[in-house]
Amino acid sequence: MLPIVYINLDRDVQRRERMEALLAPLPFPHQRLAGVLWRKLSAAEQAQLYSPALNAVQFFRPLADGEKGCYASHLRACEHLLASQNPAVVVLEDDVSLETGFAEVVHAVAQLPADSWDIVKLYSREGEQPWGERPLTPNHRLITYRRVPSMSNGYILSRSGARKLLAGRRPFGRPVDVDVRYWWECGLRVAGVTPAVVTMGAISESSSIWSGGRHRRSWGERWVRWRLQLDYTIRNAWYRRQQQLPAVGPIGRSEFG
């Protein structure tokens, strides 16, 4: 059974209680992983994790403190996995809903050799048009994406994926969900599941990241964002040809390539 960790800030008690109630009936061990409140980190810790210079090249605006703390929390999940003996871990944010088939999908992914994939996203968009696909369960497919979705609300992380993220994303310059879309930069093997078994809960409308309100984009930021999107489209079209889907056999065996 793969363990589950959910990221939750100390101050978000109601979210914690909700997640405990949501996860208690499932047949997986679970625990809370304390989220990172960015302003509580020392200047040295912040500098190790976030690079304004990298941000200026990679993104169209400086990251908000909530975005930085969110990214640091997901990196903490990587450290948590590598400090354990587990081959992989399910990582959830504390504002998700779980759909029918969640447990079945997690069990099926657990049968894949953990050294043959890095991230399996449990969220996918409606009407997802995959790059490649194979059956995973009777009701779900394992896919590679034409364009990896930008949500990091729920995914399964392998030990190799955790090592790649820690080695290649410290310091970071983009939000965590955007950075995973650039999977080729650190050699991440990203697959997904459709239909989605993790979705956004109603509580997600009240974001911990944007508690101070969303930043309004200037015209200059809109231009940089458009240029970055164009660059992403070109590079994604080139690199996605390298994606290879895990082959799921009749007894759950698989491998990349």
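Observations on the model:
- Each Lys or Arg adds one and each Asp or Glu subtracts one; over the other residues with Cβ under 11 Å from the Cβ of Val96, this totals -2.
- For Leu122, the residues whose amide H sits under 5 Å from its own are Gly154, Tyr155, Ile156, ignoring neighbours fewer than 5 places away on the same chain, with H placed 1.01 Å from N.
- Only lysines eight or more places from Lys121 in sequence, or on another chain, were considered; those with a Cα closer than 18 Å are Lys164.
- Taking Arg174, Arg240, Arg159 in turn, the Gaussian network model of the chain (Cα-Cα springs below 10 Å) assigns the largest fluctuation to Arg240.
- The helix-only estimate of mean residue ellipticity at 222 nm for the chain, built from DSSP H runs of length n ≥ 4 each weighted as -39500 (n - 2.57), is -10500 deg cm²/dmol after division by the residue total.
- Ala167-Trp131 pseudo-label distance in nm [points 7 Å out on the Cα-to-Cβ vector]: 2.1 nm
- Net charge in the neighbourhood of Leu157 (other residues with Cβ under 15 Å of its Cβ; Lys, Arg +1, Asp, Glu -1) is +1.
Values quoted throughout were computed directly from the atomic coordinates according to the rules given, and no laboratory measurement underlies them. Predicted, not measured: the structure shown is a model, and the values here were computed from it. So basically every Cβ, Gly included, is an ideal-geometry build from the backbone, and we count neighbours across all protein chains shown.
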